[in-house]
2 protein chains.
Amino acid sequence: MTNSTTDAPGQRPVGVAVLGHGTVGAEVVRIIRDDASDLRERIGAPLELRGIAVRDLSYDRGVPAELLTTDAEALITRDDVDIVVELIGGIDLPRTLVRAALDAGKSVVTANKALLAAYTGELAESAESHNVDLYFEAAVAGAIPVIRPLTQSLAGDRVDRVVGIVNGTTNFILSAMDETGADYAETLAEAGRLGYAEADPTADVEGFDAAAKAAILASIAFHTRVTANDVYREGISNITAADLTSARALNCTIKLLALCERVTGPDGKDRVSARVYPALVPREHPLSTVSGAFNAVVVEAQSAGRLMFYGQGAGGAPTASAVMGDVVMAARNRVQGGRGPRESRYAKLEIAPMSDIMTRYYVNLQVADRAGVLSAVAAEFATRGVSISAVRQEGAGESARLVVVTHRATDRALADTVAALDKLESVIAVTSVLRLEGSAE
Amino acid sequence: MTNSTTDAPGQRPVGVAVLGHGTVGAEVVRIIRDDASDLRERIGAPLELRGIAVRDLSYDRGVPAELLTTDAEALITRDDVDIVVELIGGIDLPRTLVRAALDAGKSVVTANKALLAAYTGELAESAESHNVDLYFEAAVAGAIPVIRPLTQSLAGDRVDRVVGIVNGTTNFILSAMDETGADYAETLAEAGRLGYAEADPTADVEGFDAAAKAAILASIAFHTRVTANDVYREGISNITAADLTSARALNCTIKLLALCERVTGPDGKDRVSARVYPALVPREHPLSTVSGAFNAVVVEAQSAGRLMFYGQGAGGAPTASAVMGDVVMAARNRVQGGRGPRESRYAKLEIAPMSDIMTRYYVNLQVADRAGVLSAVAAEFATRGVSISAVRQEGAGESARLVVVTHRATDRALADTVAALDKLESVIAVTSVLRLEGSAE
């Protein structure tokens, strides 16, 4: 059979070791075994599974027993292994194993955002010094191609902003709260029952997962090393049914956003801002329609304008699709020679302090039901230069509330305003403060 | 300054020749000149503009005169040119020049879909035999990364379907007709005035442009060489204001779609279907919300599920963004060694005959206003096994009409039915026949 790839008879196979056999690992193994003939054509050589490292050999995983091993270190350093696929989760063990693989001259494909957001520097440097590939398309937004478009397709453009819904659990919860009017605790419990939230949902609902992804996106978009520690982070556990009701009244919904922005400071220097928080998003914004466990990433670049990528951000098969794309690319590089793009960190932008970041705000206040309250509240905003876009009074008597929406202001000015409001005699409580993203001005 | 790319002092520059200085060419030249320092870091060597081939030297283009030449052949074969960017348009001249560039060992970046859809075979073979890159991200959907995600990110997946809105002119016209209720001729004239339609709009409105893009998408998605001649094509010039009204009544809009599908024939063999036609799309389908000059491509793959890519499909800056992404990748390959993915055509699927393709249909009939018409019409559908999903009677007397929506049926069965309806005494005319895509069953 003639074909276009380098498929000379006797072409040396490309050996793959898979670390971890959970939902994604099992799917990756299935594809390597079931689609062997397509993969061979696309790579130009056979892709051969050398082994699967697992912790527990005691039950039947539906794969030949001789492929399974508990000795990951021995598996990855085998001479006939070219590519190591890390799908273990956690940080410390995968860090050791990925380092060992790179140091042994193996290319690595990983879906581990937490690992990358913490140690991308040492891993990228090891990959470079051993001239191997480190691919991680599956680490952000599952099956949705985001890393490769940012790294390659936009390599000749200047990215200004990346805004994504990159955590399915929180998006499922917020979408459900918006649809049903139920409160947070109830909806989280329901998400757990349906398999959309883990037994310990902290990493998702407190924004750690999204923050790791924001760090990865910001690093790539701005050619600067950004770690999870550089990302400002708020979770969704304080969002109430009342917040969603107020959002609806403003023709908005609430989404947990990962935002990566190029911001120009007062000194004229570009800085990077990476942050994760729940925000009001206008219903006409494309991200507002991303519901349930779906993910979407909007990229704004100087020449390209606004691009949006949408799809399934998690799950065994979608994540395996992204992993296998990386495996095929790494394998092609082995066969044809060459390397994928290396880490690009030349811009070395500083991280912008959160207090300088400007957004619009929604502030919900429980207030005394008497004359002069609005004027006292408005004065506190005005004193700090926070311009008010709209105010609405809701309820009466003990449930009297003011909903204030501001124009763009710095985080510092808003925080100062909220602190001052809290001390006002006529303000019973500042019930919630949320940012408003994706609207004009 | 330390940095991550191979930027040794004295690194040989990568030379670029740009053919054509229209909207896109001028923008590409601007980026190469204005963003030189970023491009150098991303490539690992300086990117240097060697010259711009134009037809007419007689006016000031705002670039140094010594860069301009009318001798494209001499420019592309210069020893210090590594990458040729073809932005001329047309087919014959670019074919000659691209061939000459590839044969001279230059990598080529082109946005020319018509050229690729006709001659991708000879161009890809020349690129392969000279071991150079042939990149064309800008040829489909402008700034939206589609080629690279399909070629690389989905390299380990099995694509079943690609459906896109890939022509801005027709999408602008159909969106405007939907919003204003105006008829086709009037809206086309308006699109021309606003710069969304060319003086001769044939390539856009008759679907030739979309068909070229469908050929490119189908080739890549299905690892099979598909040319523009293999694409079934209908344009939008017969779409009437009445069709859009009927679509609205069915909670649909009308879009010119490029569809690429893997279809399994009665013999169990996979075939490729590539086709372009206006179709009714339900308002809840993500493609229905893509309006104006925007483009979007939906990809359905076995593991990834449904992905959507959205953005600006045309215009100088967006197209230049895609071109420059390709230029940077081709330049990196020059510096680091290696090659981008070659043409993948191993699957060699046959083209499915249009008559076998199954879709749903909307049929609009002008009928005599008398008893028994519906039964006579329904009988013609039933005889040919075309199952009716809904029928609506509209108007009365001379303007009596029947709107029939079918379940899925083959193109052959539907065409036979329409021919029979045309001969029915009670049918005055078959006013329009459109396909319905993106709905259940």
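The values are calculated or read from the model by the stated rules, or taken from the named source; none is laboratory data. Note that this is a predicted model, so its numbers are computed, not measured. Backbone-built Cβ (ideal geometry, glycine too); neighbour counts: all protein chains shown.
Tabulated values for the structure
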| quantity | calculated |
| --- | --- |
| Residue within the range B:97-111 that is within 15 Å of residue B:322 (Cβ to Cβ), at the interface with another protein chain (Cβ under 10 Å from one of its Cβ atoms), under 16 Å from the mean Cα position of the chain (by Cα) and among the β-branched types (Val, Ile, Thr) present | no |
| Residue list for the range B:316-332, filter: facing chain A (nearest Cβ under 7 Å) and surrounded by fewer than 24 Cβ atoms within 10 Å (Cβ to Cβ) | B:317 |
| Residue within the range B:334-353 that is surrounded by 16 or more Cβ atoms within 10 Å (Cβ to Cβ), closer than 18 Å to residue A:336 by Cβ, in contact (Cβ under 8 Å) with a residue 60 or more places away in the chain and hydroxyl-bearing (Ser, Thr, Tyr) present | yes |
| Test result for residue A:281, over 16 Å from the mean Cα position of the chain (by Cα) and buried (at least 24 other Cβ atoms within 10 Å of the Cβ) | yes |
| Test result for residue B:319, hydroxyl-bearing (Ser, Thr, Tyr) and within 28 Å of residue B:33 (Cβ to Cβ) | yes |
| Residue match in the range A:387-401 (condition: among the charged types (D, E, K, R) and over 20 Å from residue A:252 (Cβ atoms)) | yes |
| Residue match in the range A:268-276 (condition: touching a residue at least 60 places away in the same chain (Cβ under 8 Å) and in contact with a Gly (Cβ under 8 Å, 6 or more places away or on another chain)) | yes |
| Subset of the range A:389-402 that is hydrophobic (A, V, I, L, M, F, W, C) and surrounded by fewer than 19 Cβ atoms within 10 Å (Cβ to Cβ) - its residue that is farthest from residue A:371 (Cα to Cα) | A:390 |
| Condition check for residue B:65: surrounded by fewer than 17 Cβ atoms within 10 Å (Cβ to Cβ) and farther than 30 Å from residue B:228 by Cα | yes |
| Scope the range B:305-362; condition within 18 Å of the chain's Cα centre (by Cα) and among the hydroxyl-bearing types (Ser, Thr, Tyr); matching residues | B:310, B:319, B:321 |
| Total residues in the range B:40-69, condition outside any helix (DSSP H, G or I) and among the basic types (Lys, Arg) | 3 |
| Residue in the range A:193-205 that is at pLDDT 95 or above, surrounded by fewer than 16 Cβ atoms within 10 Å (Cβ to Cβ) and closer than 18 Å to residue A:292 by Cβ present | yes |
| Failed criterion for residue B:177 (all others in (1) in contact with a strand residue (DSSP E or B) (Cβ under 6 Å, 6 or more places away or on another chain); (2) at negative phi hold) | (1) |
| Residue, surrounded by the fewest Cβ atoms within 10 Å (Cβ to Cβ), within the range B:134-160, restricted to residues that are more than 11 Å from chain A (Cβ to nearest Cβ) and touching a helix residue (DSSP H, G or I) at 6+ places or on another chain (Cβ under 8 Å) | B:136 |
| Boolean, residue B:245 is at pLDDT below 95 and either closer than 30 Å to residue A:283 by Cβ or surrounded by fewer than 17 Cβ atoms within 10 Å (Cβ to Cβ) (or both) | yes |
| Among residues of the range B:285-315, those that are facing chain A (nearest Cβ under 9 Å), under 21 Å from residue B:160 (Cα atoms) and not hydrophobic (A, V, I, L, M, F, W, C), counted | 6 |
| Qualifying residue in the range B:219-230 (condition: crowded, with 22+ Cβ neighbours inside 10 Å, of a type in the set (A, V, I, L, M) and not in a helix (DSSP H, G or I)) | yes |
| Qualifying residue in the range A:425-438 (condition: of a type outside the set (A, V, I, L, M, F, W, C), touching a His at 6+ places or on another chain (Cβ under 8 Å) and modelled with pLDDT under 95) | yes |
| Matching residues in the range A:405-429 - criterion: being of a type in the set (Val, Ile, Thr) and over 30 Å from the mean Cα position of the chain (by Cα) | A:417, A:427, A:428 |
| Residue in the range A:346-363 that is within 13 Å of chain B (Cβ to nearest Cβ), within 21 Å of residue A:440 (Cα to Cα) and at pLDDT 95 or above present | no |
| Selection status of residue B:83, of a type in the set (A, V, I, L, M, F, W, C), touching a helix residue (DSSP H, G or I) at 6+ places or on another chain (Cβ under 6 Å) and surrounded by fewer than 18 Cβ atoms within 10 Å (Cβ to Cβ) | no |
| Given (1) touching a residue at least 60 places away in the same chain (Cβ under 8 Å); (2) under 26 Å from residue B:313 (Cβ atoms), number of the condition residue B:115 does not satisfy | (1) |
| Among (1) buried (at least 16 other Cβ atoms within 10 Å of the Cβ); (2) farther than 30 Å from residue B:106 by Cα; (3) more than 19 Å from the chain's Cα centre (by Cα), the one test that residue B:370 misses | (1) |
| Single unsatisfied condition, residue B:373 versus (1) touching a helix residue (DSSP H, G or I) at 6+ places or on another chain (Cβ under 8 Å); (2) in contact (Cβ under 8 Å) with a residue 24 or more places away in the chain; (3) of a type in the set (A, V, I, L, M, F, W, C) | (1) |
| Test set (1) in contact (Cβ under 8 Å) with a residue 60 or more places away in the chain; (2) farther than 27 Å from residue B:156 by Cβ; (3) surrounded by fewer than 20 Cβ atoms within 10 Å (Cβ to Cβ) - residue B:289 fails condition number | (1) |
| Single condition residue A:380 does not satisfy, out of (1) within 30 Å of residue A:298 (Cα to Cα); (2) touching a Leu at 6+ places or on another chain (Cβ under 6 Å); (3) acidic (Asp, Glu) | (1) |
| Boolean, residue B:135 is over 26 Å from residue B:337 (Cβ atoms) and assigned by TED's automatic domain parsing to the domain that holds residue B:20 | no |
| Checking residue B:261 against (1) outside any strand (DSSP E or B); (2) touching a residue at least 60 places away in the same chain (Cβ under 8 Å), the condition it does not meet | (1) |
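Residues are listed down the side, and each one gets a yes or a no for (1) under 25 Å from the mean Cα position of the chain (by Cα); (2) closer than 13 Å to residue A:331 by Cβ; (3) within 9 Å of chain B (Cβ to nearest Cβ); (4) modelled with pLDDT of 95 or more:
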residue	(1), (2), (3), (4)
A:5	no, yes, yes, no
A:16	no, yes, no, yes
A:26	yes, no, no, yes
A:34	no, no, no, yes
A:48	no, yes, no, yes
